[in-house]
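Student: Starting off with a structure, shown below.
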Amino acid sequence: MGNVKIIAITGDNYAGKWNHTPTACRGIILRDNFIMMSYETRTDQWMIPGGGLEEGEDERACCIRKVAEETGLLVQPSACALQIDEYYENWKWVNRYFFCEVTGETESRLTDREKEVGMDPRWIALDEMIAIFSNHAAYAETDEMRRGMYLREFMALKKLILQPDKNS
């Protein structure tokens, strides 16, 4: 893994130990001052494209597969640029972020859940997306899952794009 920066986020509901450790690989795709996002039209929720690593799957292959399924873009991912570990209840969620170069297009293949929420790939201005994610605390009383996800994505963009050279 080399010297990949790891950021930990611990939820108020963390049990103090975990017995589930899923890993997700996420692709950061930039074009000019825009970023490719997965947008759930029915829930009005944004996320960096990506998803669960399957058993025996290479992390870069997972990133390529999930980005293609969600956005229809074929990508070439960098080495892992950042890892964010989230601790909630008895889970440790591992999120690995990769910068991706678009190499082509394919047909998106959404899961049933993604179809239900109206998942739609969207280019959005990077500063607009950072502003949306920076508002994560607004969901503390109403939507803990979104609060945690927006905090995670905000931390990722902050570390990788706003402050890429800082060691903090």
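No lab work stands behind these numbers, since they all come straight from the coordinates. Everything numeric here is computed off the predicted structure, so don't read it as measured data. Methodologically, a virtual Cβ is constructed for each residue, glycine included, from the backbone with ideal geometry; neighbour enumeration extends over all protein chains shown.
Student: Counting only the backbone N, which residues of segment 64-100 are under 11 Å from the spot 7 Å out from the Cα of Trp18 toward its beta-carbon?
Tutor: Residues 84-96 fall inside that zone.
Student: If pairing requires two Cys Cβ atoms under 4.7 Å apart, which cysteines of the chain are left without a partner?
Tutor: When partners are defined as cysteine Cβ atoms under 4.7 Å apart, the chain leaves Cys80, Cys100 without one.
Student: If the chain between Asn33 and Glu116 were fully stretched, how many nm would it gain, using 0.36 nm times the residue separation less the Cα-Cα distance?
Tutor: Answer, rounded to one decimal: 26.9 nm.
Student: Let me ask you something else. Take Trp91 and Glu128, extend 7 Å from each Cα along the Cα→Cβ direction, and tell me the distance between the two endpoints in nm.
Tutor: 3.0
Student: Mind pulling up the Rg/Rh value for segment 86-136? Radius of gyration and Kirkwood radius, both on Cα.
Tutor: Numbers: Rg = 15.1 Å, Rh = 14.7 Å.
Taking Rg over the Kirkwood Rh, I get 1.02.
Student: Under a crude label model (7 Å from the Cα following the beta-carbon direction), how far is Asp44 from Thr10 in nanometres?
Tutor: In this crude label model, Asp44 to Thr10 measures out at 3.4 nm.
Student: Turning to a different aspect of this structure: Would you mind checking the radius of gyration and Dmax of the chain based on alpha-carbon positions, in Å?
Tutor: Looking at the chain, its Cα Rg and Dmax stand at 15.3, 44 Å.
Student: Kindly write out, for segment 116-132 in residue order, the coupling ³J(HN,Hα) from the Karplus curve 6.51 cos²θ - 1.76 cosθ + 1.60 (θ = phi - 60°), rounded to whole Hz, with x marking Gly and Pro.
Tutor: Result, ordered by residue: 4, 8, x, 4, 9, x, 9, 7, 9, 4, 4, 5, 5, 5, 4, 5, 4 Hz.
Student: Quick one: which residues, 5 or more positions from Glu57 or on another chain, have an amide H under 5 Å from its amide H? H modelled 1.01 Å from N in the peptide plane, none for Pro or chain starts.
Tutor: Counting only residues 5 or more places away or on other chains, the set is empty.
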